[in-house]
Amino acid sequence: MKNTTIQATSLLISLLWIGLMHQTLNPFALKGPEFLSFYSILLFGWYITLLFAKFYKGSFSKTTVVFGVFIFIFGAIKFVKGVYLGKPVGLLILMLIIQVIVFTAIIRIYSKES
């Protein structure tokens, strides 16, 4: 329960941000720069929780992996929507590639610990 709360903090902060700044809780309704700001807050918040989890506990849990997959799927859905609409998605592609690299490192660390 504690780990889920810690992992969900970045999601809550990013949803609070779009709720206050854009008066919506639907991140898929946001346009390019606004969505990238939301996704950056979400992604970097998750990275910070990864650093804290590794520093304090020394290991990652299944909750960490689930949130990572959730965030990646979230970005992939917006990527597919952007490609379908013919919008530029270069920065989102870069963010997704970086996330895949970090996620594979986490999976390697997690599989060595288990």
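Just to be sure I understand, how many residues within region 45-63 are within 18 Å of Leu96 (Cα to Cα) and out of contact with any Ser or Thr (no Cβ under 8 Å at 6 or more places or on another chain)?
Count: 1.
Would you confirm, using the coordinates I've provided, whether Val80 is open to solvent by 60 Å² or more (accessible area, probe 1.4 Å), out of contact with any Lys or Arg (no Cβ under 8 Å at 6 or more places or on another chain), at negative phi and in a helix (DSSP H, G or I)?
Yes; evaluated as a whole, the condition is true for this residue.
For Phe60, state whether it is closer than 14 Å to Ile107 by Cα, of a type outside the set (Val, Ile, Thr), at pLDDT below 85 and buried (at least 18 other Cβ atoms within 10 Å of the Cβ). I'd like the intermediate steps shown before the answer.
On the way: closer than 14 Å to Ile107 by Cα: yes; of a type outside the set (Val, Ile, Thr): yes; at pLDDT below 85: yes; buried (at least 18 other Cβ atoms within 10 Å of the Cβ): yes.
So Phe60 fits the description; yes.
Hey, among Ile48, Ile71, Ile109, which residue is open to solvent by 80 Å² or more (accessible area, probe 1.4 Å), among the β-branched types (Val, Ile, Thr) and either without any contact (Cβ under 8 Å) to a residue 12 or more places away in the chain or part of a helix (DSSP H, G or I) (or both)?
Ile48
Please work out which one of (1) of a type outside the set (Asp, Glu); (2) modelled with pLDDT under 85; (3) assigned to a helix (DSSP H, G or I) is the condition Met95 fails and give its number.
Going through (1) of a type outside the set (Asp, Glu); (2) modelled with pLDDT under 85; (3) assigned to a helix (DSSP H, G or I) one by one, Met95 breaks only (2).
Name the residues in region 90-99 that are open to solvent by 30 Å² or more (accessible area, probe 1.4 Å) and either in contact with a Gly (Cβ under 9 Å, 6 or more places away or on another chain) or over 16 Å from Pro33 (Cα atoms) (or both), would you?
Selection gives Leu91, Ile97, Ile98.
The values are calculated or read from the model by the stated rules, or taken from the named source; none is laboratory data. What you are looking at is a predicted structure, and each value in this text was computed from that prediction instead of being measured. Note: ideal-geometry Cβ built from the backbone for every residue, glycine included; neighbour counts use all protein chains shown. Side chains are part of the model used for accessible areas, which takes the heavy atoms of the whole protein and leaves out ligands, DNA and RNA. Shrake-Rupley method; radii C 1.70, N 1.55, O 1.52, S 1.80 Å.
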